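One structure is given below, encoded as structure tokens.
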Amino acid sequence: MNRYDFAGRTALVTGGAQGIGYEIAQRLLESNAEVTLWDFDREACEAAQRTLSSKGKVDIDIVDITDAEEVSRAAGRMATARGHIDVLVHNAGGSGPEGTVSTYAADDWRRVIELNLNATFYVNQAVVRHMSQHGYGRIVNISSIAALEGPAKAPAYAAAKAGVISVTRSLARETATQNISVNSISPAAVKTRFYDGLSETFVTTVLSKIARQRFLTVEETASLVCWLASEDNSFTTGENFNLAGARN
Ligand SMILES: NC(=O)c1ccc[n+]([C@@H]2O[C@H](COP(=O)([O-])OP(=O)(O)OC[C@H]3O[C@@H](n4cnc5c(N)ncnc54)[C@H](O)[C@@H]3O)[C@@H](O)[C@H]2O)c1
């Protein structure tokens, strides 16, 4: 795997305690970034800190990203502790229950939108304010291929992740002259615990749409994220990158 040059850079990874976020944090550490993980799962976050510490300097903060005020305070804590926030990988999210538009419970809809879309706004807003002060920043938001395809059984998740791409584009335009880049990625299917609660039929349908006929790996996901988050990415902003393995 390639390593990037993140020496002297600080990186925040939300939802970094496990899954895709953990692997991104690991790759950033291996590339000499100082990493802070935000996650609301204290046990998983402390376990992640223990295993990642052998790779470099990793702090954790127990943050629920759906609490806008807590997010703002946590961004302030990181900026004070590290001096600056150079990289944000906003990865925390979750699919919520399966259901169609005609059957989805309104409370479930609101929860999924709050976690995946509103929290993206809270985290991006809180962090970009610090980046703007320092005239440098790289933001990567994690969307989903669902955003582009609108699966019948995950309407709230798909709508929220489409919103993530939209927030990404708006913020990219706002910050384009400040040496800040804001991009999103849309993975298809990565085998994490994300798939644990989903039905076998759902998983089979998901894989049947991938021409590569397999799950994307967390390592492959981290590769693209790290390039987008690196200083090398000095021009590309406001884009969404699919990690879809060619769609059938
Ligand atoms: N796995 C996939 O196939 C896939 C595909 C497309 C997009 N994604 C997106 O990638 C991201 C990571 O997915 P994953 O598969 O690694 O999931 P995961 O469930 O393994 O990890 C998500 C992490 O986010 C944390 N988290 C959840 N809600 C939170 C909250 N309110 N506040 C703080 N932390 C919170 C969890 O504790 C967990 O550590 C998600 O945004 C997901 O929607 C995943």
Whole-Hz ³J(HN,Hα) from phi, Karplus 6.51 cos²θ - 1.76 cosθ + 1.60, for region 85-99, glycine and proline x: 10, 8, 10, 10, 10, 8, 10, 4, x, x, 7, x, x, 6, x
Once amide H atoms are placed 1.01 Å from N in the peptide plane, what residues at a sequence separation of 5 or more from Phe241, or on another chain, have their amide H within under 5 Å of its amide H? Ser184, Ile185, Ser186
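What share of the DSSP beta bridges in the chain is antiparallel, in percent to the nearest 5? Write out the running numbers ahead of the final one.
On the way: 1 of 30 bridges.
In the chain, DSSP labels about 5 percent of beta bridges as antiparallel.
Can you sort Ser230, Ser54, Ser184, Ser132 by how many other beta carbons sit within 10 Å, fewest first?
On the way: Ser230 19, Ser54 8, Ser184 27, Ser132 15.
Going from least to most buried by this count: Ser54, Ser132, Ser230, Ser184.
If you keep only loop residues by DSSP, which GluC sites (Glu not before Pro) in region 52-111 have at most 13 other Cβ atoms within 10 Å of their Cβ? The partial results should precede the final answer.
Details: sites: Glu69, Glu70, Glu98; in loops: Glu98.
Answer by residue number: there is no such site.
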Out of residues 5 or more away from Arg9 or on other chains, whose amide H comes under 5 Å of its own, with H placed 1.01 Å from N in the peptide plane? Glu34
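What's the FRET efficiency of Gln178 with Ala211 using the Cβ-Cβ distance as r and R₀ = 41 Å, to the nearest 0.05? Present the calculation step by step, with values, prior to reporting the outcome.
Values: r = 39 Å, r/R0 = 0.94.
That gives a FRET efficiency of 0.60.
Mind putting a number on the dipole of the chain about its Cα centre? Charges go on the C-beta only, +1 for Lys and Arg and -1 for Asp and Glu, and I need it in Debye to the nearest 20.
Details: 24 positive and 28 negative charges, 99 e Å.
About 480 debye.
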Whats the longest run of the chain with zero trypsin sites (Lys or Arg not before Pro) that are DSSP loop and have at most 15 other Cβ atoms within 10 Å? 58-190
Residue order, fewest to most beta carbons within 10 Å, for Ser95, Ser208: Ser208, Ser95
Which cross-chain or sequence-distant (5 or more) residues have an amide H under 5 Å from the amide H of Arg138, H modelled 1.01 Å from N in plane? Val87, Leu88, Ser181
Spin-label point model (7 Å from Cα, Cβ direction): what's the Val203 to Ala68 distance in nm? 3.8
Quick check: net charge around Pro151, other residues with Cβ under 11 Å of its Cβ, Lys/Arg +1 and Asp/Glu -1? +1
Sum of side-chain charges, Gly19 neighbourhood, beta-carbon under 13 Å (Lys, Arg +1; Asp, Glu -1): -3
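If you average the sequence gap of Cα pairs under 8 Å that are 6 or more apart and divide by the length of the chain, what percent do you get for the contact order?
Numbers: 513 pairs, mean separation 48.5, N = 248.
Result for the chain is 20 percent.
Report the extension gain between Ala106 and Asp41 in nm, rounded to one decimal, defined as 0.36 nm multiplied by the number of residues separating them, less their alpha carbon distance. Kindly include the intermediate steps, with their values, before the conclusion.
On the way: separation 65, 0.36 × 65 = 23.40 nm, distance 2.55 nm.
Length difference between fully extended and current span is 20.9 nm.
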Say R0 is 30 Å: what FRET efficiency, to the nearest 0.05, do Arg247 and Ala81 get from their beta-carbon distance? 0.10
For Arg129 and Asp5, compute 0.36 nm times the residue count separating them, minus their Cα-Cα distance, and round to one decimal in nm. 42.2 nm
Grab the other residues whose beta carbon is less than 11 angstrom from that of Ala246, score K and R as +1, D and E as -1, and report the net. +3
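Read the figures in this text as sums done on the coordinates, not as results from a lab. Since the structure is predicted, the reported quantities are computational estimates derived from the model, not experimental observations. Here Cβ is always computed from backbone atoms with ideal geometry, including for glycine, and neighbour counts include all displayed protein chains.
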